[in-house]
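Participant: Mind looking over this structure? Questions follow.
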Amino acid sequence: MTVDHRQPRATNVTPDLAAASHAELLRRGAERLRRDDPTLSRLLDHEVAYQSHTLPMVAHASLADPSVLSAAGSALANVTAEGYPGARFHPGAAQFDAVERLAVHRAERAFGAQYANLQPHSCSSANLAVLFTLLEPGDVVLSLDLDSGGHLTHGAPASVTGRYFRVINYGLDPDGWISHDQAAELAREHRPKLIIAGASAYPRTIDYVRFREIADSVGAYLLADVSHIAGLVAVGLHPSPVDVAHVTTTSTYKQLGGPRGGIILLGQDRSTPVRTHGTSLEKLMKRSVFPRFQGTPSPAAIAAKARALDLVTQPEFAGTVGRIATNATRLAAALMARDWRVLTGGTDNHMVLLDTWKRGITGAVAESALQECGILANKNRIPGDSKPPLITSGLRLGTNILAQRGLRPAEMDSCAALVDQVLRGVEVLGDKEYRLANNTRDRVRTRVQELCRRYPIPSYQTGYG
Ligand SMILES: *Cc1c(COP(=O)(O)O)cnc(C)c1O
């Protein structure tokens, strides 16, 4: 009798060959990484330690809950599935269908949206999908310029968006406020087809209603990009553009504590017909992400978005975001009290913009000196900036992670004092060169360590339940 060894005999199939759970798989993965790839494993451990021992006063980041990190590392990463739930171009996507539907549902609930597309790999991809679908090459776009706080994808010359469209910029007044009147005037003069309201470095409330009026007055679409303020928008601490703009986009890793990624949201304009395409805005946005701009979505990233968006609707998130805003107001006041020029004289969101050049320090020097002391804040161009982009005249601070760590407004005075000590202690030698006295550095580092110990990231600490 011959036995076909290619065919497992029925008795070889162990009835208890149960699949590992998601948790077991991740645990095994972490163990193997430590055992088989100590080099990479050590780098990853150091990153957790670094994040625990620095004071990130940056505006663009937040900490992802370990459950978000876990979802991002799930076996869904092995699933390939072009298309949307129920209409995939590949088999085997039943679980992913359910996960993507859940993520969409949670995004709609978190933002009160009528349509959400969770597939964009980033907000840059989301913006490109929107711009290149609603516009033809050469069409006019009206947006805030990069130097005034706009984003690359809003038509900056260095971005593909700046090459394919005719970009007109509205700007800021000398104190740093968006000039809506100038935007209205430019719209009348240049008849844009799309207006973008949104910024990466703007500390004040954005008046979407006014922008929609301006857009309607010239028959333009309005795109609101809430990447930086998505948390404030979700909890109602910044007016929501979802039912005001035609389309809203966001990153998921900034204030939302999610994975790298983007989302496109539609509100009451979901069914609005798009003249040039003979279809609704919703159908067009769907098509614009896939197949126009992306191939396969990232199923594990979408699972992580679903997890983060669930957290966004919890009461604790609203509490944290509330603290983000009150902390930023207090931080701005404390810096002004120490004679630093804060653009617009304060903030409505999580962000504080400093004019460091007014005191002879470039943004590059400020960023490096602070980093030496364990404080992270990034150099940033400010209105009328005469320095190149890698030097700049300003500094952008943010309170997302400080609030996540539990720091309260009272501690913002300490944080402002530390920033002030470092910047006052800097001996400027050039646009990038400086000296910082050892005792200043040591004193500030010690204080930073004390703050980090007093306000740990509980779920990133060892021994946490
Ligand atoms: C960060 C940012 C983006 C880009 O987001 P990515 O997900 O990093 O591509 C787009 N728009 C604004 C306003 C941003 O701040």
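Participant: Residues that are at pLDDT 95 or above, in the same structural domain as Asp145 (by TED's automatic domain parsing) and open to solvent by 10 Å² or more (accessible area, probe 1.4 Å): find the helices (runs of 4 or more DSSP H) completely inside region 178-284 holding 3 or more of those. Steps first, answer last, please.
Facilitator: Numbers: elements: 180-190, 208-218, 230-234.
Filter on region 178-284 gives 180-190, 208-218.
Participant: If we keep just the residues of region 224-244 that are near the ligand (Cβ under 10 Å from one of its atoms) and not small (Gly, Ala, Ser), which is farthest from Ala403 (Cα to Cα)?
Facilitator: Asp225
Participant: Related question: Quick check: anything in region 44-67 surrounded by 15 or more Cβ atoms within 10 Å (Cβ to Cβ), free of Cβ contacts under 8 Å to residues at least 60 places away in the same chain and outside the structural domain of Leu402 (by TED's automatic domain parsing)?
Facilitator: The answer is no, given that none of the residues of region 44-67 is surrounded by 15 or more Cβ atoms within 10 Å (Cβ to Cβ), free of Cβ contacts under 8 Å to residues at least 60 places away in the same chain and outside the structural domain of Leu402 (by TED's automatic domain parsing).
Participant: Check Asn327 against each of (1) closer than 27 Å to Asp65 by Cα; (2) within 16 Å of the ligand (Cβ to nearest atom) and name the one condition it does not meet.
Facilitator: Looking at each condition in turn, Asn327 falls short on (2).
Participant: In addition: Would you mind telling me which numbered condition in (1) in a helix (DSSP H, G or I); (2) within 16 Å of the ligand (Cβ to nearest atom); (3) small (Gly, Ala, Ser) Ala59 fails?
Facilitator: (1) is the only condition that Ala59 fails.
Participant: Residue by residue through region 197-223, note down the ones that are free of Cβ contacts under 8 Å to residues at least 60 places away in the same chain, within 16 Å of the ligand (Cβ to nearest atom) and closer than 15 Å to Val242 by Cα.
Facilitator: Ala197, Gly198, Ile206, Tyr208, Phe211, Leu222
Participant: Within region 454-465, is there a residue that is at pLDDT 95 or above, more than 14 Å from Leu55 (Cβ to Cβ) and touching a helix residue (DSSP H, G or I) at 6+ places or on another chain (Cβ under 7 Å)?
Facilitator: no
Participant: Then there's this: Give Thr161, Thr133 a once-over and let me know the one that is assigned to a helix (DSSP H, G or I), β-branched (Val, Ile, Thr), more than 16 Å from the ligand (Cβ to nearest atom) and over 17 Å from Ala300 (Cβ atoms).
Facilitator: Only one candidate passes the filter, namely Thr133.
Participant: Would you say Ser143 is buried (at least 20 other Cβ atoms within 10 Å of the Cβ) and modelled with pLDDT of 95 or more?
Facilitator: Criteria met by Ser143.
Participant: Something else: Out of everything in region 146-158 that is open to solvent by 40 Å² or more (accessible area, probe 1.4 Å) and not aliphatic (A, V, I, L, M), what residue ends up being farthest from the ligand (Cβ to nearest atom)?
Facilitator: So the residue we want is Pro157.
Participant: Follow-up. Looking at region 79-98 only, could you name the residues that are part of a strand (DSSP E or B) and more than 17 Å from Ala306 (Cα to Cα)?
Facilitator: Gly83, Ala87, Arg88 - these are the residues of region 79-98 that are part of a strand (DSSP E or B) and more than 17 Å from Ala306 (Cα to Cα).
Yes/no per residue for (1) more than 16 Å from the ligand (Cβ to nearest atom); (2) of a type in the set (A, V, I, L, M):
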| position | (1), (2) |
| --- | --- |
| His246 | yes, no |
| Gln255 | no, no |
| Gly261 | no, no |
| Ser271 | yes, no |
| Phe290 | yes, no |
| Ile302 | no, yes |
| Arg307 | yes, no |
| Leu311 | yes, yes |
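The values are calculated or read from the model by the stated rules, or taken from the named source; none is laboratory data. The structure displayed is predicted, hence computed values, not measured ones. In this analysis, Cβ positions are derived from the backbone assuming ideal geometry, glycine residues included, and neighbour counts consider all displayed protein chains. Heads up: the accessible areas ignore ligands, DNA and RNA and are worked out on the full protein's heavy atoms, side chains in. Shrake-Rupley method; radii C 1.70, N 1.55, O 1.52, S 1.80 Å.
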